[in-house]
Amino acid sequence: MPTNMKRIIAQQMLVMMRERSIDKITVKALIEACDISRQTFYYHFRDIMDVLEWILSQSMERMLQRSLKSGSPQEAMEIFIRETEENKDLIRKLLASSRRVELEAMFVKTLREYLEKMADQRRPDLVVSYADKEFLLDFWSYGLTGMLFKYSCSKEIPDAPGLTKRLGRLLLGELQK
């Protein structure tokens, strides 16, 4: 059995998600498409939502690594926005699912982890109380997730540099007129 079975299952899940609604994807269909046993699937994942969470986590981890290599917080934010643009059809399909509430919570949780790691690694010198850090992480993870969903479901997606600039001005308190 390949050592990267989790990745194989996740890749097949992504293929299936492009073809049909998430509500129509079953463990049985996924294991048949991967040509693996049910036992192999359950060794790696609890259920379909666990596969989705792993896919999202891996995507955020790759984005984190790219963001940390960027030259500025604005470039890091632009990476996040471009990734959203590239995956808007998939995000739209996920939001059309009957499991939308679970998926929204999953996005918020994963984005919060991303933001916390970015802050810890980009600004280790930042001194802020635990309560304030928690508040800021919640504010930004819910706010950015909401924007991600809004723009993914909208026909008009703003250009990444323009949205990045606007978010930067918001962070600095420079939004006027």
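The values are calculated or read from the model by the stated rules, or taken from the named source; none is laboratory data. In this text the structure is predicted, and so the values were computed from the model without any measurement. Neighbour counts run over all protein chains shown; Cβ positions are idealised from the backbone, glycine included. Protein only, heavy atoms only, side chains kept; ligands, DNA and RNA dropped before computing areas. Shrake-Rupley method; radii C 1.70, N 1.55, O 1.52, S 1.80 Å.
Would you mind giving the average projected area, over all directions, of the Cα convex hull of the range 5-85 in nm² with one decimal?
For the range 5-85, the mean projected area of the Cα convex hull comes to 5.8 nm².
Mind scanning LYS6/LYS93; LYS24/LYS165; LYS28/LYS133; LYS28/LYS69; LYS24/LYS69; LYS6/LYS155 and naming the pairs with a C-alpha gap bigger than 32 Å?
Violating the 32 Å limit, Cα to Cα: LYS24/LYS165; LYS28/LYS133; LYS28/LYS69; LYS24/LYS69; LYS6/LYS155.
For the range 57-121, state what percent of all Cα-Cα pairs lands in each successive 5 Å bin, counting from 0 Å until the bin that includes the largest distance.
With 5 Å bins starting at 0, P(r) equals 4, 16, 25, 26, 15, 9, 4, 1.
Per residue, how much accessible area does the chain have with a 1.4 Å probe, in Å²?
Computed with neighbouring chains in place, this is 62 Å² per residue.
Let me check against my output: what whole-number percent is the relative contact order of the chain, with C-alpha pairs under 8 Å and at least 6 apart?
The normalised contact order for the chain reaches 24 percent.
Which whole-angstrom value gives the distance between the alpha carbon centres of the range 39-65 and the range 119-152?
23 Å
First compute the accessible area of the chain with a 1.4 Å probe, then give the percent of it belonging to carbon and sulfur atoms.
53 percent
I want to verify the translational diffusion coefficient of the chain in µm²/s; compute it with Stokes-Einstein, Rh as the Kirkwood radius over Cα pairs, at 25 °C and 0.890 mPa s.
Reported coefficient: 138 µm²/s.
Which order do the peptides 107-114, 135-142, 120-127 come out in when sorted by mean C-beta neighbours inside 10 angstrom, highest first?
Answer by packing, highest mean first, reads 107-114, 135-142, 120-127.
Peptides 81-93, 15-27: what's the order by average Cβ count within 10 Å, highest mean first?
81-93, 15-27
Hey, got the dipole for the chain? About the Cα centre, +1 on K and R Cβ, -1 on D and E Cβ, debye to the nearest 20?
The calculation lands at about 300 debye.
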